[in-house]
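Novice: Just passing along the structure, written as structure tokens.
The values are calculated or read from the model by the stated rules, or taken from the named source; none is laboratory data. The model shown is predicted, which means the values in this text are computed figures rather than measured ones. Here the Cβ positions follow ideal geometry from the backbone for every residue, glycine too, while neighbour counts run over all protein chains shown. The area values use the complete protein model at the heavy-atom level, side chains included, leaving out ligands, DNA and RNA. Shrake-Rupley method; radii C 1.70, N 1.55, O 1.52, S 1.80 Å.
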Amino acid sequence: MTEDVTVFDRHRRLLFTVAYQMLGSVADAEDVVQDAWLRWSAADRDDVVDPKAYLVRITTRLALDRLGAARTRRETYVGPWLPEPLLTDAASGEPGPEEAAELGEQVSLAMLVVLETLSPVERAVFVLREVFGLSFAEVATVLDRSEAAVRQLAHRAREHVQARRPRFDADRRAQREVTERFYDAIAGGDVEQLIAVLSPGVVLLSDGGGVANAARRPIEGADKVARFLVGIAAKGLEIPGLDVRFAEVNGGPGFAAWVDGEPFMAISPVVADGRVDQVLIVVNPAKLAGLGEPPSAS
């Protein structure tokens with residue numbers, strides 16, 4: 001049993017990342033990993049040639065089983081639906097997978113929103129093939145499909161994602177600098193300074209799930225987005241115990257907020273061509289488990 005635990009723990013972060021990219025939910029991904037452990041602990045070892053491949057196959061299939069029900073729930077979701085944010089910097093001490101920092105754009109909230117538009121099996125193929133680099137033969141084994149079918153699914157998914165993929169500035173330092181100017185303008189209540197940081201066609205999505213105050217429709221245009229952000233910042237100043245920190249949210253610079261140590265909000269700006277092109281805000285308390293407690297260092 002000790003050896004079983006050691007092998008599983010060696011791949012736990014990978015399994016979490018696969019499930020999270022499939023489902024866009026921290027809680028569901030953690031449940032899938034737990035179910036994968038139960039399957040692994042009960043498996044006949046004579047049937048397991050490659051533990052990593054076996055565990056990825058189990059995790060992917062369990063995530064596919066959950067994805068159908070999750071998509072049905074999202075059809076009646078109140079307002080824009082966004083994935084659950086995840087702190088991915090090592091300093092946070094939270095369960096952000098090590099692979100997230102390496103995946104960068106692939107694990108971003110904006111990219112997960114695009115993956116949501118794929119069919120469940122297309123999403124599985126894209127995640128396994130394009131993100132984790134499995135061969136077509138390996139993906140075919142995981143999904144119990146022919147290699148030819150997987151190639152066709154991969155081609156369709158790749159074209160779909162490329163047509164909708166958000167633009168990102170690859171330079172992390174530039175992303176950080178723009179994000180800092182973005183934050184300073186919001187905190188200072190400077191609408192004009194904020195407009196200068198935003199792309200003219202910027203789009204803001206806020207996910208409150210009908211539970212927390214949030215815009216129930218996308219907000220478009222630099223002026224409208226700037227005024228909305230300055231307005232919510234002014235309201236935030238009235239909240240006792242509010243603690244806002246810069247953080248790496250889903251592999252990119254952003255910021256998160258806690259109230260009396262409890263997760264309150266995550267903001268993930270998408271930076272392209274030196275300006276903020278998208279603003280993704282999650283305030284639904286049911287989606288903030290991935291923030292954990294505030295990091296010890298500001």
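Novice: I need the peptides 67-76, 147-156 ranked by packing, meaning the mean over residues of other C-beta atoms within 10 angstrom, with the highest value on top. Spell out each step's value before the answer.
Specialist: Values: 67-76: 11.4, 147-156: 16.0.
My ranking of the peptides, most packed first, is 147-156, 67-76.
Novice: Here's another thing I want to ask about it. Using the basic label-point model (7 angstrom from Cα toward the beta carbon), what is the A27 to A53 distance in nanometres?
Specialist: Result for the modelled spin labels: 3.6 nm.
Novice: Return the whole-Å distance between the Cα centroid of the range 1-63 and the Cα centroid of the range 252-274.
Specialist: So the two Cα centres are separated by 29 Å.
Novice: Just want the answer: with Cβ charges of +1 for Lys and Arg and -1 for Asp and Glu, which residue in L153, I186, F264 is farthest toward the dipole's positive end in the chain?
Specialist: Result: L153.
Novice: Label point 7 Å out from R164 along Cα-to-Cβ: which residues of the range 15-42 have amide N under 15 Å?
Specialist: Under 15 Å, as judged by backbone N against the label point of R164, lie 22-24 of the range 15-42.
Novice: Just how much of E138 is accessible, in Å², when a 1.4 Å probe is used and the result is rounded to the nearest 10?
Specialist: Answer for E138: close to 90 Å² accessible.
Novice: Largest first, how would S146, S41, S108 line up by accessible area (1.4 Å probe)?
Specialist: In descending accessible area the options line up as S146, S41, S108.
Novice: With every protein chain left in place and a probe of 1.4 Å, what is the accessible surface of D273, to the nearest 10 Å²?
Specialist: Looks like 120 Å² after rounding.
Novice: Then there's this: Please give the direction-averaged projected area of the C-alpha convex hull for the range 1-79, in square nanometres with one decimal.
Specialist: 5.4 nm²
Novice: If you average the C-alpha positions of the range 160-201 and of the range 108-128 separately, how far apart do those two centres end up, in angstrom?
Specialist: 24 Å
Novice: Percent of accessible area on the range 163-298 owned by carbon and sulfur, 1.4 Å probe?
Specialist: 50 percent
Novice: Over the range 155-217, consider all pairs of different Cα atoms and compute the Kirkwood hydrodynamic radius from their mean reciprocal separation; express it in Å, one decimal.
Specialist: Details: mean 1/r = 0.0687 Å⁻¹.
For the range 155-217, inverting the mean 1/r across all distinct Cα pairs yields 14.6 Å.
Novice: Taking all protein chains together and a probe of 1.4 Å, list R227, R45 from the most accessible to the least accessible.
Specialist: Order by accessible area, largest first: R227, R45.
Novice: Would you mind checking which residues have amide H under 5 Å from V271's amide H? H placed 1.01 Å from N; only 5 or more apart, or other chain.
Specialist: Amide H to amide H, under 5 Å and 5 or more residues apart or across chains, V271 pairs with D169, D277.
Novice: Give me a comma-separated list of calculated 3J(HN,Hα) values for the range 72-80, in order, Karplus coefficients 6.51, -1.76, 1.60 applied at θ = phi - 60°, integers in Hz, x for any Gly or Pro.
Specialist: These are the phi-based 3J(HN,Hα) values: 5, 4, 6, 5, 10, 5, 7, x, x Hz.
Novice: Let me ask another. Let me have the relative contact order for the range 171-229, percent, based on Cα pairs under 8 Å that are six or more residues apart.
Specialist: 31 percent
Novice: Output wanted: per-residue J couplings in Hz (rounded whole) for the range 44-56, from phi through Karplus 6.51 cos²θ - 1.76 cosθ + 1.60, θ = phi - 60°, x for Gly and Pro.
Specialist: 6, 5, 5, 8, 9, 8, 10, x, 4, 4, 4, 5, 5
Novice: Please give the per residue accessible area of the chain, computed with a probe of 1.4 Å over protein heavy atoms only, in Å².
Specialist: Details: 13980 Å² over 298 residues.
Accessible area per residue: 47 Å².
Novice: Per-residue accessible area for I58 at 1.4 Å probe radius, Å² rounded to 10?
Specialist: My reading of the accessible area for I58 is about 20 Å².
Novice: Can you compute the label reach from Q34? Point 7 Å from Cα along the Cβ direction, backbone N cut-off under 16 Å, restricted to the range 269-295.
Specialist: So the set is 289-290.
Novice: Along the charge dipole of the range 178-271, pointing to its positive end and built from +1/-1 on Cβ of Lys, Arg, Asp and Glu, which listed residue (P240, F255, A226) has its Cα farthest out?
Specialist: The residue sitting farthest along the positive end of the dipole is A226.
Novice: Taking the Cα centre as origin and putting +1 on Lys and Arg beta-carbons and -1 on Asp and Glu beta-carbons, what dipole magnitude results for the chain, to the nearest 20 debye?
Specialist: With Lys and Arg at +1 and Asp and Glu at -1, about 920 debye.
Novice: Given the C-alpha atoms of the range 153-298, compute the convex hull and give its volume per residue in Å³.
Specialist: 133 Å³
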